[in-house]
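Encoded as structure tokens, the structure appears first; notes follow it.
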Amino acid sequence: MARGRAPGFESTREEILAAAARLFARQGYPGTSMNEVAEACQVSKPTLYHYVRDKHELLMQICEGHVQALEALVQEVQAQQLEPEAHLRALIGRFVREYGQAQNQHRVLTEDVKFLDTEDRARLLEVERRVVSAFADAVAAVRPELQGQRLHKPLTMLLFGMINWTFTWLRPDGELSYESVAPMVADLFFGGIAAVRAPEALPG
């Protein structure tokens with residue numbers, strides 16, 4: 001009979017993933033050894049391998065956990081059945097705040113995903129596509145006419161440009177917090193989206 005997991009297995013695994021994400025974010029995936037991860041977690045290397053098969057799996061679990069958390073946020077907001085503007089504002093706010101709590105994981109996803117194999121990158125990309133599609137639908141609900149002009153997805157990518165790279169300049173010890181920046185991102189987007197005009201003609 002297979003031996004079950006010990007109590008606290010998942011919480012210990014999450015602690016290991018968080019420690020590894022901090023190291024990868026600071027030193028890069030190639031520059032971090034499993035010995036360093038074990039030391040940061042204050043566990044032996046054999047114990048570390050009880051939770052993850054190798055460094056590649058460690059990277060994949062960090063990235064996959066992050067994108068799955070983002071998709072879960074989308075589903076939570078959708079379940080509220082808000083009006084279009086409130087819905088998009090809620091999505092923006094939840095994502096900005098989540099990035100504030102998961103800066104290391106987001107940096108790893110952004111900078112180290114290239115070290116995963118093709119199949120694993122494809123799995124992550126599929127989740128990311130669903131998240132982007134949900135945002136694009138939310139943008140289209142605010143300005144339905146832009147969907148007919150095929151502009152809702154480009155506008156969504158511009159919005160993600162604001163959200164995704166916040167971690168490169170917003171410092172945890174700075175005057176602004178992710179909590180305070182979240183409504184600013186929404187206000188900036190909504191203040192600008194009203195002025196967007198579709199080109200007279202788009203390429204066929």
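Under 15 Å from a point placed 7 Å out from the Cα of R171 along the Cα-to-Cβ direction: which residues of the stretch 96-121 have their backbone N that close?
none
Ignoring trypsin sites (Lys or Arg not before Pro) that are buried or in helix or strand per DSSP, and keeping those with at most 15 other beta carbon atoms within 10 Å, what is the longest stretch of the chain between them? Can you show the working numbers first?
On the way: sites that count: R3, R5, R53, R150, R197.
By the stated rule (loop sites, at most 15 other Cβ atoms within 10 Å), 54-149.
Along the charge dipole of the stretch 9-193, pointing to its positive end and built from +1/-1 on Cβ of Lys, Arg, Asp and Glu, which listed residue (T118, C63, H87) has its Cα farthest out?
T118
In nm, give the distance between the simple-model label positions of D54 and Q80, each being 7 Å from the Cα along the Cα-to-Cβ direction.
About 4.3 nm separates the two model spin labels.
Restricting to Cα pairs below 8 Å that are 6+ residues apart, what does the relative contact order work out to for the chain? Please round to a whole percent.
22 percent
Describe numerically, in nm with one decimal, the distance between label points set 7 Å from Cα along Cα→Cβ at Q101 and at A194.
Here the answer is 3.2 nm between the modelled labels.
HN-Hα J couplings of the stretch 103-111 from phi, Karplus 6.51/-1.76/1.60, θ = phi - 60°, integer Hz, Gly and Pro as x?
Values per residue, Gly and Pro as x: 4, 5, 4, 5, 5, 4, 4, 5, 9 Hz.
Could you list the chymotrypsin sites (Phe, Trp or Tyr not before Pro) in the stretch 120-204 that lie in coil according to DSSP, counting only those with at most 13 other Cβ atoms within 10 Å of their Cβ? Show your work: numbers first, answer last.
Numbers: sites: F135, F160, W165, F167, W169, Y178, F189, F190; in loops: W165, W169.
Passing both the DSSP loop test and the Cβ count: W165, W169.
Can you give me the distance in nm between label points at A122 and S33, each placed 7 Å from the Cα along the Cα-to-Cβ direction?
Those two pseudo-labels are separated by 3.5 nm.
Please report the orientation-averaged projected area of the chain, defined via the convex hull of its C-alpha atoms, in nm².
15.2 nm²
Values quoted throughout were computed directly from the atomic coordinates according to the rules given, and no laboratory measurement underlies them. Just so you know, these numbers come straight off a predicted model, no measurement behind them. A quick note on method: Cβ atoms are made from the backbone with ideal geometry, for glycine too, and the neighbour counts reach across all protein chains shown.
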